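Please read the structure below before turning to the comments.
The values are calculated or read from the model by the stated rules, or taken from the named source; none is laboratory data. Values in this document were obtained by computation on a predicted structure and should not be read as measured data. Cβ: placed from backbone, ideal geometry, glycine included. Neighbour counts: every protein chain shown.
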Amino acid sequence: MLAVRLCQSFACAPLSSSHMTGGHVRVVGPPFATGEVSSEVSFHDKQHQQRQRRRQGIPSDPSLSRAGILEGDEQVMAIRKNNSGRGNFLRDHVGFIPNPVSKRSQTLHSRITGAQRYISVCPFCAVGCSQQVFVRDGRVIDIEGNPESPVSAGHLCPKGASTYQLVNNPNRPTKVLYRAPRSDHWEERPLDWAMDRIAGLVKRDRDADFQMTNEQGVRINHWGTVGSIGGATLDNEENYLILKLFRNLGIVHITNQARI
């Protein structure tokens, strides 16, 4: 009974000879909104009709040639494009009832509207899932998965999906803890001080321990008193830059946690 009522409500057209091609029955869908779907036949069925006409000695129909079929398909696509069609009908309706849109809903927009988009990498593991970082007025407002990534195709694990909380978090440390030699307590120092401290110690130790030549007088440019252990969360670009820097400094002992 429900199927009969639906058929009546859609004004289903009865089958005719135009819907019978090659022993196959084609049911034409109902007209939705103002865009009425034509009863076009598939490309292969039209070719089958052309072959039957040739066997029976009937002159060829230009509309059934390859050029005619393609031209007809273009006309059908133009009709569907100019009219609302099924897609717009389903989008603008809840079932068969028009979908009302309130004035407030018409003014709503995405939270990332007008934001600048930057491509980054998830900082957690070595998989290297790509992320989209949206910035507005110098502040990160959203971090999402990047659907263009061949690694993750826009997906993020629970830790990667929470990356936004690493950036905008009142509990995020903004200073470093420093304990001076032979001291019994920690001191808070700013990040700029820590970077200058590290650079100064690197320069001091390299000047003291750098070995330009070996015992045979061969130039080796080695700095053997410092080593490097890379992290698994580093991407390829970061590993390349770090390795290039350390090789230029003469560091010999270089490894990465990811290979372990």
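The table below lists the values:
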{"quantity": "Qualifying residues in region 96-118 (those that are part of a loop (DSSP other than H, G, I, E, B) and in contact (Cβ under 8 Å) with a residue 12 or more places away in the chain) - the one surrounded by the fewest Cβ atoms within 10 Å (Cβ to Cβ)", "calculated": "Phe96"}
{"quantity": "Filter result (surrounded by fewer than 15 Cβ atoms within 10 Å (Cβ to Cβ), charged (D, E, K, R) and in contact with a strand residue (DSSP E or B) (Cβ under 8 Å, 6 or more places away or on another chain)) within region 119-153", "calculated": "Arg136, Glu148"}
{"quantity": "Given (1) modelled with pLDDT under 90; (2) surrounded by 13 or more Cβ atoms within 10 Å (Cβ to Cβ); (3) assigned to a loop (DSSP other than H, G, I, E, B), index of the condition Pro173 fails", "calculated": "(2)"}
{"quantity": "Failed condition for Gly224, given (1) closer than 30 Å to Val127 by Cβ; (2) among the small types (Gly, Ala, Ser); (3) in contact with an Asp or Glu (Cβ under 8 Å, 6 or more places away or on another chain)", "calculated": "(1)"}
{"quantity": "Subset of region 170-227 [of a type in the set (Ser, Thr, Tyr) and either under 18 Å from His253 (Cα atoms) or in contact with a helix residue (DSSP H, G or I) (Cβ under 8 Å, 6 or more places away or on another chain) (or both)]", "calculated": "Thr174, Tyr178, Thr213, Thr225"}
{"quantity": "Answer from Leu234, Leu243, Leu156 - the residue that is touching a strand residue (DSSP E or B) at 6+ places or on another chain (Cβ under 7 Å) and in a loop (DSSP other than H, G, I, E, B)", "calculated": "Leu156"}
